[in-house]
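To start, the structure itself, in structure tokens.
What follows is calculated from the coordinates using simple rules that are stated; it is not laboratory data. Just so it is clear, the model here is predicted, and its values are computed rather than measured. As a convention, Cβ positions derive from the backbone with ideal geometry for all residues, glycine included, and neighbour counts pool all protein chains shown.
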Ligand code: DQQ
């Protein structure tokens, strides 16, 4: 029985409406938007294997040319009618670089570019409402996050002139709560010989006496990567408006054996065991081995390089934006960067330039030997776990001394060039598994939750789909848990289970197994010609070995051919007795999804053409063939964040 808040009607099974989105004739594709509301739901629950079959069939062939017929027995019923898709690939771009926004251009496998006639309605919809992004133009990595005198500060790689990377400066914004942001004037621009080609990424260190040290990479006039020091001109200014570049810059140049273009992105500093020196790390590579160099300093002006590397992993290529921080194995709070000792593990993270993903590993840091040893060499940095299995790169963490938590920000790239930073996430060690971290959106994001609706014990038989009513389908916080029917689960074995199941190569939610997929579909249109399933896929072999995968399937996220559409995901640990649980933050073109409380995370960047504004829908689904699934959860509409210029005239 559904329950609900007093503010909105809940998803109510008894009064629910049926859903028949797939026409058996192309002409039905133009049915009025409200059509689906008119049919009564049999026994209160929509169990539409028919529909799931159509989802399967529609998803089978996901080449960018969506008019390709599928090879299914009901092909004439389910193939996408040619007429309902935009055909013009030659129309002029809707918006362009000159307007501060770049067009999407996605390279098809054949090498040619595909374009689509994006309308301004579609493009405007794509701009997020509660993720941080600049007013205009290009942004990339988050830089030097810190908390100072009542304000969270975020700096970011920014091109003031255009919507493509270049002329990299440090944008600057402040927030009281990590959600609502006020833009400030640039903190730093390329104006010295040592950073004239860009004020690249860097990190902040707050010294015990409150001083703030900012280290960043400068790209010199002759394109050499050097490290530079900057500091606030006036520490008593809560907004830290003015930054001074140290007159002795650069403070570090590439050491012998390191390429001039392979030496960047200094970390936050941590103290040596004696507490008399600071150490920083810088990412690099030697041939194809990714490495982290460590330097010691007393004053941040002169440095000694320590012998060897903190760590190196062959074959991982250039390590960008390295990060190194402790996590507690016993406490729930985050740790300041210099903490070490019993009950502490260290996370080493590298952003791999080669594949543009953020990889981390848990390990133990020996500060005397200056070595970090991974707990599991098979899950070493760059070959094992990722922060996020979707679009998420160049992340940086910082210690929030006010709330004793470690907060992580990442850059959410897209195939267009308007980029966002993720909702800040807390990071803790997963004390239940002992083998991964947990990421979770900061609690402050819940300030944006408004009306909600609950769904309780929705029974999803094999091949079923249930619509959930929401008021603002482009801005949602969805929490859902799923239980597989226990007896059916015990009795189900997939003798031929593919031990190498992986979301990216699985074919997506169309690929049916006995125990999955099941989950939610967001940003779908009512005909399900567009939609992004976020789901679990469980495999259980004859030997009883169970694996759970958490995936996000973008294959049908958009009818436009000029955007990337892939299936993301990875395994997620599910401990005995746990339900399968997910949370998805839907914010227009960004969907951040967290499985099992944040053990596995996927950020999708999707560009629907129909499933936008009021036309978007949300569904629960179970496309498993062998088991029923029961779903419960809650959906909140999310307000927009206030992100605007700092109102200097009011102060
Ligand atoms: N972006 C910065 C570099 C960094 C890269 C330049 C990662 O410092 O290595 O914009 O996205």
Debye log10 I(q)/I(0) for region 195-332, one point scatterer per Cα, at q = 0.10, 0.18, 0.19, 0.20 Å⁻¹: -0.34, -1.04, -1.14, -1.23
Per-peptide average of other Cβ atoms within 10 Å, ordering 589-602, 572-585, 394-407 highest first: 589-602, 394-407, 572-585
Cα-based Rg / Dmax (Å) for region 261-341: 13.7, 41
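Decide, for region 128-241, between rounded, prolate and oblate: order the square roots of the alpha carbon gyration tensor eigenvalues as a ≥ b ≥ c, take rounded if a/c falls under 1.5, and otherwise choose prolate if a/b is larger than b/c, else oblate. Let's see the in-between values first.
On the way: a/c = 2.22, a/b = 1.14, b/c = 1.94.
It comes out oblate by the Cα gyration axes.
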Ordering of 608-619, 175-186 by packing [mean C-beta count within 10 Å, highest first]: 608-619, 175-186
Three-way shape call for region 428-526 based on the alpha-carbon gyration tensor, with the a/c threshold at 1.5: oblate
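If we sort 558-566, 330-338 on the protection proxy, mean other Cβ atoms within 10 Å, highest first, what's the order? Can you show the working numbers first?
Numbers: 558-566: 22.1, 330-338: 16.9.
Top to bottom by mean Cβ count within 10 Å: 558-566, 330-338.
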Alpha-carbon Rg/Rh ratio, for region 132-422, with Rh computed the Kirkwood way: 0.93
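In square nanometres, what is the average projected area of the Cα convex hull of region 474-627?
8.4
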For region 503-555 and region 597-651, distance of Cα centres in Å: 17
Part-to-part distance (alpha-carbon centres) for region 147-199 and region 356-408, which is given in Å: 24
Percent RCO, i.e. relative contact order, over region 132-422, from Cα pairs under 8 Å lying at least 6 residues apart: 14
